[in-house]
Amino acid sequence: MRVQIINAHMLEPATGERRQDSWIEIDGGKIVDSGVGTPPAPSGDVRVIDARGGTVMPGLIDAHVHILVTSTDASEVASWAPSYATIRALRSAGDMLRRGFTTVRDVGGADYGMARALDEGLLPGPRLVFGGKALSQTGGHGDFRSRSDDSLPCCQLKPDFGRIADGVDAVRRAARDEFRKGAHHLKLVVSGGVASPTDEISAVQYTADELRAAVVEAENHNRYVTAHAYHPRAVNQALRAGVRCIEHGNLIDDESIRLLVANDAFLVPTIVTYEAMYEVGRASGLSSSSLGKLDEVRSAALDALGRAHLAGVNIAYGSDLLGALQVRQLDEFTIRARVQENIDVIRSATSTAARLLNMEGQVGTLSPGAFADLLILDGDPERDIGILTNPRRYLRHVTIRGEVADVAG
Ligand code: ZN
Ligand code: ZN
């Protein structure tokens, strides 16, 4: 279907360029042309949308989601059939689209089948850029066995998040297997985490050799490695091994920031998840040991973002919200706007995230040739970030795959 958007205030995040009183033409799911003033007369079957002076900008990108983790109640989740877990996940993907996210990067869980279903438009939802299962060492952040559990490490979890791989050969094999299954990137967990039951936040997971094996496999497949890490010991070891992106990074030090800049690497803070878990406390499904670990990382998060931003680190938007907390996916904008200009936060969820995903020119931009993944907003999010965080009130339309998505409700 062809679509013409008129009376638009276009916002191109990468340059900050704005064009008032402009028009955009969409055909075959892509932006084909745009201009200022009177648009070309629509011919044939064209749907015309009057933006009424509202902002038209690229759809948002969330670079850190786990769409399969729709509940944090482990015993409840254990009773689910994979089909049920998948359908719940795809429903939550639809909710993400209704919030204005037209691309999401899954960093643990989602697979080719889900990406294909969304791509074929079987259900409403964003583009899904997935990494398959995250690799974890035994006892690492992807090992959810309790201390009393003597069973052998399994390679599957419900909900699917990670797989255990110890040693260079096993890491290599697991990496190859995820790429065989179509992973766009490889996720490694390289330091302790909040939800895992037996590790410490400051624990370093994986050795330099194992990290290097993963990075070489990724490079051989024209892909990259992203790593969950909090503590500078883990962060810096990963960056030195060639890991291209650090997830969270709450406790990063000056050397981490130096390495991020020198390697042109990316940082994906996920501050809202700590705030959300902290506010709901035990009701989030976290154990008391996890709540203790939450304290360690929550207080440092905003300061780390501020320091990285000042140093010029590539920063992408991430939410990492699990289960029922996913409804707060847009609140990361509000939090980041405390230490960054609105346009910089908008870039993190558009142009910078597009670079991280190796999708520059395809998403996160209004340039001709890009996917027509657009938001039409009543208001200017560069002036007031609240225009983005209240979609019920301000998000008039989302276009994706050449269609105008139904964002009501
Ligand atoms: Zn993580
Ligand atoms: Zn995560």
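When 123, 128 are checked against the criterion of being within 16 Å of ligand 2 (Cβ to nearest atom) and open to solvent by 10 Å² or more (accessible area, probe 1.4 Å), 128 stands alone in meeting it.
Residues that are among the hydrophobic types (A, V, I, L, M, F, W, C) and part of a loop (DSSP other than H, G, I, E, B) were ranked within the range 107-150; the one that is farthest from ligand 1 (Cβ to nearest atom) is 122. Pick from the range 15-58 the residues that are in a loop (DSSP other than H, G, I, E, B) and β-branched (Val, Ile, Thr): which of them is nearest to residue 99 (Cα to Cα)? The selected residue is 15. For residue 144, the conditions (1) open to solvent by 60 Å² or more (accessible area, probe 1.4 Å); (2) away from ligand 2 (no atom under 16 Å from the Cβ) all hold with the exception of (2). Here residue 303 clears all of (1) under 21 Å from the mean Cα position of the chain (by Cα); (2) in contact (Cβ under 8 Å) with a residue 12 or more places away in the chain except the condition numbered (2).
Of the helices (runs of 4 or more DSSP H) entirely within the range 218-306, those holding at least 3 residues that are surrounded by fewer than 15 Cβ atoms within 10 Å (Cβ to Cβ) and in the same structural domain as residue 326 (by TED's automatic domain parsing) occupy 254-262, 288-298. Among the residues of the range 338-354, what is the count of those that are without any contact (Cβ under 8 Å) to a residue 60 or more places away in the chain and part of a helix (DSSP H, G or I)? Qualifying residue count for the region: 4.
Considering each of 348, 367 in turn, give the residue that is more than 16 Å from ligand 2 (Cβ to nearest atom) and either closer than 18 Å to residue 107 by Cβ or open to solvent by less than 10 Å² (accessible area, probe 1.4 Å) (or both). It is 348. When you check residue 90 against the structure, is it away from ligand 2 (no atom under 16 Å from the Cβ) and either open to solvent by less than 60 Å² (accessible area, probe 1.4 Å) or outside any loop (DSSP other than H, G, I, E, B) (or both), yes or no? Yes.
The values are calculated or read from the model by the stated rules, or taken from the named source; none is laboratory data. This is a predicted model, so every value here is computed, not measured. Neighbour counts run over all protein chains shown; Cβ positions are idealised from the backbone, glycine included. The area values use the complete protein model at the heavy-atom level, side chains included, leaving out ligands, DNA and RNA. Shrake-Rupley method; radii C 1.70, N 1.55, O 1.52, S 1.80 Å.
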